[in-house]
Amino acid sequence: WWRRCTGGSSSGGGGGGGGRRSSVKKVLILVSGVGSPRNWTHSVAGNSTQACAELMEIFVKVLYPDVIVVRLHSETNIFRYDENISFSKQELLPCVNAYRDAHARGEPYPDEMQATATVTAARGSFDPDWKQTFSVAISFADGSPARTHAIQASLRRWYRPTYYHFWQLKTFWHDSKLSDEDIEVHPFEEMETVPAMDVAKINDEEVKLVIDEMKAFRAHFLQTLDENRNDIRTFWLRKTKKPVLAVLLVSDPEDRGRPRLYRGTNMEVSMPTGSLCAERNVIGTALATNPGLKREDLRMVAVLAVPLSKDDPSKASLRCKIP
């Protein structure tokens, strides 16, 4: 589903007009395809899910007329990874991005555009907070692993979709009913499993810069703790006593885009408006240093939880995020 939950916020331009709204825009993209049969004398169309997608569109339109249905069909082999990757990049992702861009700019959605329109109006500004009112979900059963994985990978970075897994198939076929018990709903955070990487095998120079800076920052922080001449335990982190370090890499707009690193920590002092996460702190530090910094200048941020007092320093956990 692509949701447009604009209640409590304003939107201008197309896509429903300005002012406060409480409507939800729902778009269902039905992805179908064909698989090459083993017997070359058999028709490719005989191993196609296109007809199923057409039946699903009729079914949805009858029961849920407020849902916009978009069908995407690929004539390439759904069992091959390379062809699924091409389909996801060239057809599926542009379709999703078109709805995202229209939502973020307050413009008419693709299904609302007049096919004969030739005049292009001035584009609205792109809302950087579009993720607050725009969500994506993937529904799948078994099917082709290559197709499922390619779709998940293409949507993972920008959309962090929710997953609807249909583990019990054909209930409607056998019992003529729809059962919510056949569906498992998993948020993106539950499904995301990114394994740890050996830093010695990382080839990205910018990532190496961030890692080296974080190592130096961690050593300095732990040395400061050992010296016991600070207010980290008694004031700055007296609420949680859980230090978090952050390193931000930006492209310096005043120095031809050369990389520049900044450090930041969390502050948990247990007073009104006194708590600040490490990521916000380091971004604020970079902005205070250079007020001309733009959002696109932020390259990546690494976050490290370090021990306090008796914890084992080897248990520090590093995460690197690329906006």
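The values are calculated or read from the model by the stated rules, or taken from the named source; none is laboratory data. Just so you know, these numbers come straight off a predicted model, no measurement behind them. Cβ atoms come from the backbone with ideal geometry, glycine included; neighbour counts cover every protein chain shown. With ligands, DNA and RNA removed, areas are computed over all heavy atoms of the protein, side chains included. Shrake-Rupley method; radii C 1.70, N 1.55, O 1.52, S 1.80 Å.
Residues PRO145, PRO161: which one is within 22 Å of the chain's Cα centre (by Cα), farther than 23 Å from TYR99 by Cα and of a type outside the set (D, E, K, R)?
Values: PRO161 fails: farther than 23 Å from TYR99 by Cα.
Criteria check complete, one pass: PRO145.
Looking at ARG229, ARG160 in this structure, which one is among the basic types (Lys, Arg) and more than 21 Å from GLU279 (Cβ to Cβ)? Steps first, please.
On the way: ARG160 fails: more than 21 Å from GLU279 (Cβ to Cβ).
Exactly one of ARG229, ARG160 is among the basic types (Lys, Arg) and more than 21 Å from GLU279 (Cβ to Cβ), namely ARG229.
In the range 71-86, which residue that is within 25 Å of the chain's Cα centre (by Cα) and closer than 11 Å to SER32 by Cα is least open to solvent (accessible area, probe 1.4 Å)?
So, considering only residues that are within 25 Å of the chain's Cα centre (by Cα) and closer than 11 Å to SER32 by Cα, the one least open to solvent (accessible area, probe 1.4 Å) is SER74.
Taking helices (runs of 4 or more DSSP H) that fall entirely within the range 179-291, which contain at least 2 residues that are open to solvent by less than 30 Å² (accessible area, probe 1.4 Å), of a type in the set (A, V, I, L, M, F, W, C) and over 30 Å from VAL136 (Cα atoms)?
Details: elements: 188-191, 205-227, 278-289.
Counting at least 2 such residues, we get 205-227.
Determine which member of the set SER139, SER135, SER144 is at pLDDT below 85, out of contact with any helix residue (DSSP H, G or I) (no Cβ under 6 Å at 6 or more places or on another chain) and surrounded by 14 or more Cβ atoms within 10 Å (Cβ to Cβ). Reasoning before the result, please.
Details: SER139 fails: at pLDDT below 85; SER135 fails: at pLDDT below 85.
When all the criteria are applied, what remains is SER144.
What are the pairs with Cβ atoms under 7 angstrom where one residue, in the range 55-82, is closer than 22 Å to ILE151 by Cα and the other, located anywhere, is part of a loop (DSSP other than H, G, I, E, B) and not hydrophobic (A, V, I, L, M, F, W, C)? Sequence gap at least six, or different chains.
VAL67/LYS26; ILE68/LYS26; ASN77/GLY35; ASN77/SER36; ILE78/GLY35; ILE78/SER144; PHE79/GLY35; PHE79/SER144
Just one of LEU28, LEU55 is open to solvent by 60 Å² or more (accessible area, probe 1.4 Å) and within 20 Å of TYR164 (Cβ to Cβ); which is it? Don't jump to the end; show me each part of the working.
Details: LEU28 fails: open to solvent by 60 Å² or more (accessible area, probe 1.4 Å).
Just one listed residue meets the conditions, LEU55.
Pairs under 7 Å by beta carbon, first residue more than 11 Å from LEU261 (Cβ to Cβ) in the range 203-218, partner in a loop (DSSP other than H, G, I, E, B), six or more apart or different chains?
Here the result reads LYS208/ILE202; ARG218/VAL306; ARG218/ALA316, each pair linking the range 203-218 to a residue that is in a loop (DSSP other than H, G, I, E, B).
Are there any pairs, at least 6 apart or on different chains, whose C-beta atoms fall under 9 Å, with the first in the range 108-129 and within 19 Å of ASN97 (Cβ to Cβ) and in a loop (DSSP other than H, G, I, E, B) and the second modelled with pLDDT of 55 or more and among the basic types (Lys, Arg), and if so, which?
What qualifies is TYR109/LYS25; ARG123/ARG105; GLY124/ARG105; SER125/ARG105; PHE126/ARG105; ASP127/ARG105; PRO128/ARG295.
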